[in-house]
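S.K.: For reference, the structure I am asking about is given below.
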Amino acid sequence: MTMAKERKPKTFFIKHKKTKRQQNKFDRLSVPLRYLPETFSRITITCPFCHKIFRPDWFKKHEISMVPVKPKFETKGVEYTGPGRWILQQASQECPKCEANVMIDLPINKMRTKGSLFGDDAERIYENKKVSIYSLIGADQSLLLELDNKIKGVKQKLLPAISQDSWKIHMKDMWAGNRREKHPVFQNLSVNDVVSFIDQLLDLIKRSNLFIYNIAATSAQNIGSNRNGQKHLRDEAYILLVLNAIDEWTTKNAQTNIFFDSEKKSKANETIHGWARDTFKGSQYSLLYGFLSKGIEIPEPKFVPPASFPGLEIADFVSFTIARYYFRMWQGKQIEIDPKNLGLVTYLGYGANGDFLWRRQEGYPWDLFYH
Ligand SMILES: [Zn+2]
């Protein structure tokens, strides 16, 4: 039997006892979130028993993940491959006054379209400061092929004698003269060639109306500084960026598939980064994830071989642009590639008092963020 469209959704009440393996996995994960989107801070719940009005605990680790569940089998032994999912409708939290379990309805949006987002990171150190940057760029699936072709076109124009498939945009190698000279493909390019290539990329990005998200986190880079603190910062920047994108996409009834550049050269199609997996999976046990994903299944972000999608080459460029911007601002030097020319970008970052802040605008909100 298949889960045909005309079948009415059924409601199940789950009292799921975890197997030992599930319990171990559950125990290992934690919810890595501590910032609440402004709109959520206004949401209150009224206890139906004692009428106490309270704010839900958005970051509490629930017993079950808020992720839609795929049926395991079509019929006995035949694995299910269809689109049907069981979607969690409600989650319960304890009333702080009478301790009753209060049911909270989860928002549920229908998935109407899909798309992809491509991510890359960058880092710059200046004096005793370090900035860690992640970018995501992407578009609806109906626009992806055109985007790929446009990227290929710009690459072909830069190096007409070489197949554009045989080389990747890697800004660090293109930009610095000493690295360019040693590079097998870029060695004959002049500064002017590179500058004109950058202008065309900026123009392409701006005119393609891409979704662009960027997060920058600045930390002190002292010798012997807290490595755990830095790891925590990386995990948090990663999940904030991913969840911010998911929230916007599910609001538009869209599922997003997220691909990050794995950095490591590997023969495998996909590299598993334990920290990224745990951060993502851990977040899914929070009520906040239920509200951000809105019942739409978001596949776990994949870490794929460097520049294995044209979108990853654009993500490299965006991360380079922001990283370079930080470096030049810190140096007090003129900006060569102005983020303003990327068009609208959702910029995430931290204020001087540690608050998490974001702006969607043209141009980098330098004064807003701590650096
Ligand atoms: Zn109550």
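S.K.: Return yes or no: is VAL131 in a strand (DSSP E or B) and within 16 Å of the ligand (Cβ to nearest atom)?
M.R.: So VAL131 fails the test.
S.K.: Kindly establish whether ASN222 is in contact with a strand residue (DSSP E or B) (Cβ under 8 Å, 6 or more places away or on another chain), in a loop (DSSP other than H, G, I, E, B) and modelled with pLDDT under 95. Walk me through it before giving the result.
M.R.: On the way: in contact with a strand residue (DSSP E or B) (Cβ under 8 Å, 6 or more places away or on another chain): no; in a loop (DSSP other than H, G, I, E, B): yes; modelled with pLDDT under 95: yes.
Criteria not met by ASN222.
S.K.: So for the stretch 59-73 (the condition being surrounded by 13 or more Cβ atoms within 10 Å (Cβ to Cβ) and within 16 Å of the ligand (Cβ to nearest atom)), does at least one residue qualify?
M.R.: no
S.K.: Okay, moving on. Name the residue that is surrounded by the most Cβ atoms within 10 Å (Cβ to Cβ), counting only residues in the stretch 177-213 that are among the aliphatic types (A, V, I, L, M) and assigned to a loop (DSSP other than H, G, I, E, B).
M.R.: Step one: filter the stretch 177-213 for residues among the aliphatic types (A, V, I, L, M), giving 185, 189, 191, 194-195, 198, 201-202, 204-205, 210, 212.
Next, only the ones that are assigned to a loop (DSSP other than H, G, I, E, B) stay: 185, 189, 210.
Working: VAL185: 16, LEU189: 16, LEU210: 24.
Result: LEU210.
S.K.: What residue, of THR271, THR250, is assigned by TED's automatic domain parsing to the domain that holds ASN214 and modelled with pLDDT under 95?
M.R.: The match here is THR271.
S.K.: Quick one: LEU136 ticks every box in (1) surrounded by fewer than 18 Cβ atoms within 10 Å (Cβ to Cβ); (2) outside any helix (DSSP H, G or I) bar one, so which box is it?
M.R.: All conditions pass for LEU136, except number (1).
S.K.: Sticking with this structure for a sec: Within the stretch 176-196, how many residues are in contact with a Lys or Arg (Cβ under 8 Å, 6 or more places away or on another chain) and of a type outside the set (Val, Ile, Thr)?
M.R.: Of the residues in the stretch 176-196, 4 are in contact with a Lys or Arg (Cβ under 8 Å, 6 or more places away or on another chain) and of a type outside the set (Val, Ile, Thr).
S.K.: Output the number of residues of the stretch 74-107 satisfying the condition of being touching a residue at least 60 places away in the same chain (Cβ under 8 Å), within 16 Å of the ligand (Cβ to nearest atom) and in a loop (DSSP other than H, G, I, E, B).
M.R.: Adding up the residues that qualify gives 0.
S.K.: Quick check on ALA91: is it closer than 30 Å to ILE53 by Cα and over 20 Å from the mean Cα position of the chain (by Cα)?
M.R.: Values: closer than 30 Å to ILE53 by Cα: yes; over 20 Å from the mean Cα position of the chain (by Cα): yes.
Taking the combined requirement at face value, the residue satisfies it.
S.K.: Go through the stretch 353-364 and give me each residue that's in a loop (DSSP other than H, G, I, E, B) and under 20 Å from the mean Cα position of the chain (by Cα).
M.R.: ASP355, TYR364
S.K.: Still on this structure, I have one more. Being surrounded by fewer than 16 Cβ atoms within 10 Å (Cβ to Cβ) and among the aliphatic types (A, V, I, L, M) is the filter here, so list the residues in the stretch 253-311 that pass it.
M.R.: ALA268, ILE272 - these are the residues of the stretch 253-311 that are surrounded by fewer than 16 Cβ atoms within 10 Å (Cβ to Cβ) and among the aliphatic types (A, V, I, L, M).
S.K.: Continuing with this model, one more query. Looking at LEU88, is it at pLDDT 95 or above and at negative phi?
M.R.: Taking the combined requirement at face value, the residue does not satisfy it.
S.K.: Starting from residues that are free of Cβ contacts under 8 Å to residues at least 40 places away in the same chain and within 35 Å of the chain's Cα centre (by Cα), keep the ones in the stretch 44-54 and report whichever is farthest from the ligand (Cβ to nearest atom).
M.R.: The qualifying residue farthest from the ligand (Cβ to nearest atom) is THR44.
Table: residues versus (1) within 30 Å of MET174 (Cβ to Cβ); (2) among the acidic types (Asp, Glu).
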position: LEU202; (1), (2): yes, no
position: GLN230; (1), (2): yes, no
position: GLU236; (1), (2): no, yes
position: TYR285; (1), (2): no, no
position: LEU292; (1), (2): no, no
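S.K.: Being in contact with a helix residue (DSSP H, G or I) (Cβ under 6 Å, 6 or more places away or on another chain) and free of Cβ contacts under 8 Å to residues at least 40 places away in the same chain is the filter; apply it to the stretch 159-178 and report the residue that is nearest to GLU263 (Cα to Cα).
M.R.: Here the answer is ASP173.
S.K.: Pick from the stretch 226-247 the residues that are of a type in the set (Gly, Ala, Ser) and more than 17 Å from LEU210 (Cα to Cα): which of them is modelled with the highest pLDDT?
M.R.: By that ranking, first place goes to ALA237.
S.K.: Moving on. Limited to the stretch 253-268, what total is found for residues that are over 17 Å from TYR238 (Cα atoms) and at pLDDT 90 or above? Please lay out each step first, then the result.
M.R.: The first filter runs over the stretch 253-268 and keeps only residues over 17 Å from TYR238 (Cα atoms), leaving 253-255, 264-268.
In the following step, the residues that additionally are at pLDDT 90 or above were identified as 253-255.
Counting residues in the stretch 253-268 that are over 17 Å from TYR238 (Cα atoms) and at pLDDT 90 or above gives 3.
S.K.: Looking at this structure, is LYS110 assigned to a loop (DSSP other than H, G, I, E, B), within 16 Å of the ligand (Cβ to nearest atom) and not aliphatic (A, V, I, L, M)?
M.R.: So LYS110 does not fit the description; no.
S.K.: For the stretch 91-132, what are the residues that are on the phi > 0 side of the Ramachandran plot and in the same structural domain as PHE260 (by TED's automatic domain parsing)?
M.R.: Residue satisfying the conditions is GLU127 alone.
S.K.: Residues in the stretch 256-302 that are of a type in the set (A, V, I, L, M) and part of a loop (DSSP other than H, G, I, E, B): how many?
M.R.: Looking only at that region, the number is 4.
The values are calculated or read from the model by the stated rules, or taken from the named source; none is laboratory data. What you see is a predicted model; the values in this text were computed from it and never measured. No Cβ is skipped: glycine too gets one built from the backbone with ideal geometry, and neighbour counts run over all protein chains shown.
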